[in-house]
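Okay, structure first, notes after.
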Amino acid sequence: MKTIYILIALVIHVITFAQDDNPIFGAVQVTYSSHNNKEDSYYSYENERYLLWEESNGNIDFANVILVQNSHSMGSVTSIKVDKVNQFHTIYYFDWNYSNSYNEVKGVANVKFEIHKRKGVEEYDQAVVAITDSKGLNTLYKGNLVYYKNEFIFHYNLKKAIDNQK
(Lines give C-alpha, C1' and ligand atoms only; values in the text may rest on other atoms or scores of the structure.)
Protein backbone atom coordinates (compact mmCIF):
# COMPACT_ATOMS: atom_id res chain seq x y z
CA MET A 1 0.00 0.00 0.00
CA LYS A 2 2.90 2.33 0.80
CA THR A 3 4.21 1.86 -2.75
CA ILE A 4 0.89 3.03 -4.18
CA TYR A 5 1.08 6.23 -2.11
CA ILE A 6 4.66 6.81 -3.25
CA LEU A 7 3.72 6.37 -6.89
CA ILE A 8 0.71 8.66 -6.53
CA ALA A 9 2.90 11.32 -4.90
CA LEU A 10 5.50 10.90 -7.65
CA VAL A 11 2.88 11.22 -10.39
CA ILE A 12 1.47 14.37 -8.79
CA HIS A 13 5.01 15.73 -8.50
CA VAL A 14 5.69 14.89 -12.14
CA ILE A 15 2.45 16.50 -13.32
CA THR A 16 3.29 19.63 -11.34
CA PHE A 17 6.75 19.84 -12.89
CA ALA A 18 5.40 19.04 -16.36
CA GLN A 19 3.40 22.26 -16.23
CA ASP A 20 6.46 24.48 -15.89
CA ASP A 21 9.67 24.87 -17.85
CA ASN A 22 11.44 21.92 -16.18
CA PRO A 23 9.49 18.73 -16.91
CA ILE A 24 10.66 15.45 -15.41
CA PHE A 25 10.88 12.90 -18.19
CA GLY A 26 12.30 9.89 -16.37
CA ALA A 27 12.27 8.33 -12.90
CA VAL A 28 13.83 5.19 -11.43
CA GLN A 29 12.54 3.73 -8.17
CA VAL A 30 15.68 2.31 -6.52
CA THR A 31 15.25 -1.27 -5.27
CA TYR A 32 18.95 -2.13 -4.88
CA SER A 33 21.86 0.08 -3.88
CA SER A 34 25.48 -0.28 -2.87
CA HIS A 35 28.32 2.09 -2.07
CA ASN A 36 31.88 0.86 -2.66
CA ASN A 37 30.50 -2.70 -2.94
CA LYS A 38 28.68 -2.51 0.42
CA GLU A 39 24.99 -3.14 -0.10
CA ASP A 40 22.56 -0.71 1.53
CA SER A 41 19.35 -1.49 -0.36
CA TYR A 42 17.28 -1.37 2.81
CA TYR A 43 18.24 2.28 3.37
CA SER A 44 17.35 3.24 -0.21
CA TYR A 45 14.04 1.39 -0.10
CA GLU A 46 12.92 2.58 3.35
CA ASN A 47 13.88 6.19 2.60
CA GLU A 48 12.27 6.13 -0.85
CA ARG A 49 15.21 6.81 -3.14
CA TYR A 50 14.46 7.89 -6.71
CA LEU A 51 16.69 8.90 -9.60
CA LEU A 52 15.14 11.59 -11.80
CA TRP A 53 15.89 13.18 -15.18
CA GLU A 54 14.57 16.63 -15.93
CA GLU A 55 14.81 18.96 -18.92
CA SER A 56 15.94 22.49 -18.10
CA ASN A 57 16.32 25.06 -20.92
CA GLY A 58 17.30 22.40 -23.45
CA ASN A 59 19.74 20.76 -21.05
CA ILE A 60 19.35 17.73 -18.81
CA ASP A 61 19.51 17.68 -15.00
CA PHE A 62 19.91 14.47 -13.01
CA ALA A 63 18.87 14.08 -9.38
CA ASN A 64 19.35 11.42 -6.73
CA VAL A 65 16.45 12.07 -4.35
CA ILE A 66 15.72 10.61 -0.91
CA LEU A 67 12.08 11.54 -0.29
CA VAL A 68 11.79 10.61 3.41
CA GLN A 69 14.80 12.72 4.37
CA ASN A 70 13.94 15.52 1.95
CA SER A 71 17.48 15.50 0.58
CA HIS A 72 19.03 15.20 -2.83
CA SER A 73 22.08 15.41 -5.02
CA MET A 74 21.29 17.33 -8.18
CA GLY A 75 23.01 18.90 -11.12
CA SER A 76 23.52 19.22 -14.83
CA VAL A 77 24.49 16.46 -17.23
CA THR A 78 27.23 16.93 -19.84
CA SER A 79 29.24 14.79 -22.27
CA ILE A 80 26.33 12.44 -22.98
CA LYS A 81 27.10 9.41 -25.11
CA VAL A 82 24.73 6.60 -26.08
CA ASP A 83 25.35 2.96 -26.95
CA LYS A 84 22.38 1.01 -28.28
CA VAL A 85 23.52 -2.55 -27.53
CA ASN A 86 20.37 -4.09 -29.00
CA GLN A 87 16.63 -3.44 -29.08
CA PHE A 88 16.33 -4.40 -25.41
CA HIS A 89 19.44 -2.76 -23.97
CA THR A 90 20.60 0.87 -24.20
CA ILE A 91 23.48 2.43 -22.26
CA TYR A 92 24.00 6.16 -21.64
CA TYR A 93 27.25 7.62 -20.34
CA PHE A 94 27.48 11.16 -18.99
CA ASP A 95 29.28 13.47 -16.60
CA TRP A 96 27.19 14.80 -13.74
CA ASN A 97 27.99 18.15 -12.08
CA TYR A 98 26.28 17.54 -8.76
CA SER A 99 25.60 19.45 -5.58
CA ASN A 100 24.36 17.81 -2.36
CA SER A 101 21.57 19.43 -0.36
CA TYR A 102 22.57 17.65 2.84
CA ASN A 103 26.25 18.63 3.13
CA GLU A 104 26.95 21.34 0.51
CA VAL A 105 29.50 19.10 -1.27
CA LYS A 106 29.84 19.72 -5.01
CA GLY A 107 31.69 17.67 -7.57
CA VAL A 108 31.71 15.83 -10.85
CA ALA A 109 30.85 12.17 -11.28
CA ASN A 110 30.84 9.79 -14.21
CA VAL A 111 27.52 8.02 -14.69
CA LYS A 112 26.65 4.89 -16.65
CA PHE A 113 22.88 4.48 -17.04
CA GLU A 114 21.52 1.26 -18.55
CA ILE A 115 17.96 0.57 -19.61
CA HIS A 116 16.92 -3.06 -19.96
CA LYS A 117 13.57 -3.15 -21.73
CA ARG A 118 11.02 -5.63 -20.45
CA LYS A 119 10.75 -8.66 -22.65
CA GLY A 120 7.76 -10.42 -21.18
CA VAL A 121 5.24 -9.79 -18.46
CA GLU A 122 7.45 -7.53 -16.34
CA GLU A 123 5.63 -4.38 -15.28
CA TYR A 124 8.59 -2.00 -15.74
CA ASP A 125 11.74 -1.64 -17.76
CA GLN A 126 14.76 -2.15 -15.51
CA ALA A 127 17.50 0.39 -14.91
CA VAL A 128 21.06 0.11 -13.65
CA VAL A 129 22.90 3.29 -12.71
CA ALA A 130 26.61 3.23 -11.79
CA ILE A 131 28.09 6.47 -10.44
CA THR A 132 31.80 7.07 -9.83
CA ASP A 133 32.82 10.40 -8.31
CA SER A 134 36.22 12.07 -8.22
CA LYS A 135 36.66 11.12 -4.55
CA GLY A 136 36.58 7.40 -5.36
CA LEU A 137 33.01 6.64 -4.28
CA ASN A 138 31.47 3.94 -6.47
CA THR A 139 27.70 3.75 -6.20
CA LEU A 140 25.42 1.25 -7.90
CA TYR A 141 21.65 1.56 -8.11
CA LYS A 142 19.19 -0.85 -9.69
CA GLY A 143 15.48 -0.45 -9.97
CA ASN A 144 12.31 0.01 -11.93
CA LEU A 145 12.03 2.69 -14.58
CA VAL A 146 8.68 3.71 -13.11
CA TYR A 147 8.13 6.82 -15.15
CA TYR A 148 9.00 8.12 -18.50
CA LYS A 149 6.60 9.90 -20.82
CA ASN A 150 7.37 7.30 -23.41
CA GLU A 151 10.51 5.80 -24.82
CA PHE A 152 10.58 8.19 -27.77
CA ILE A 153 10.42 11.34 -25.59
CA PHE A 154 12.93 9.95 -23.08
CA HIS A 155 15.49 9.23 -25.81
CA TYR A 156 14.59 12.42 -27.68
CA ASN A 157 15.36 14.60 -24.63
CA LEU A 158 18.73 12.93 -24.13
CA LYS A 159 19.49 13.19 -27.87
CA LYS A 160 18.59 16.89 -27.83
CA ALA A 161 20.99 17.41 -24.93
CA ILE A 162 23.72 15.59 -26.87
CA ASP A 163 23.11 17.85 -29.87
CA ASN A 164 23.22 20.97 -27.64
CA GLN A 165 26.72 19.98 -26.49
CA LYS A 166 28.10 20.20 -30.03
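Laid out as a table, the results:
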{"item": "Spin-label model distance (nm) - residue 46 vs residue 101, 7 Å beyond Cα toward Cβ", "result": "2.1 nm"}
{"item": "Residues whose placed amide H lies under 5 Å from that of residue 89, excluding near-sequence neighbours", "result": "117"}
{"item": "For the stretch 45-89: rounded, prolate or oblate by the Cα gyration tensor [a/c cutoff 1.5]", "result": "oblate"}
{"item": "Residues of the stretch 94-144: accessible area per residue with a 1.4 Å probe, Å²", "result": "55 Å²"}
{"item": "Approximate spin-label separation residue 135-residue 163, in nm, with each point projected 7 Å along Cα-to-Cβ", "result": "3.8 nm"}
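The values are calculated or read from the model by the stated rules, or taken from the named source; none is laboratory data. All values derive from a computational prediction rather than experimental measurement. Reconstructed Cβ throughout: ideal geometry from the backbone, glycine too, with neighbour counts over all protein chains shown. All accessible areas refer to the heavy atoms of the entire protein, side chains included, with ligands and DNA or RNA removed. Shrake-Rupley method; radii C 1.70, N 1.55, O 1.52, S 1.80 Å.
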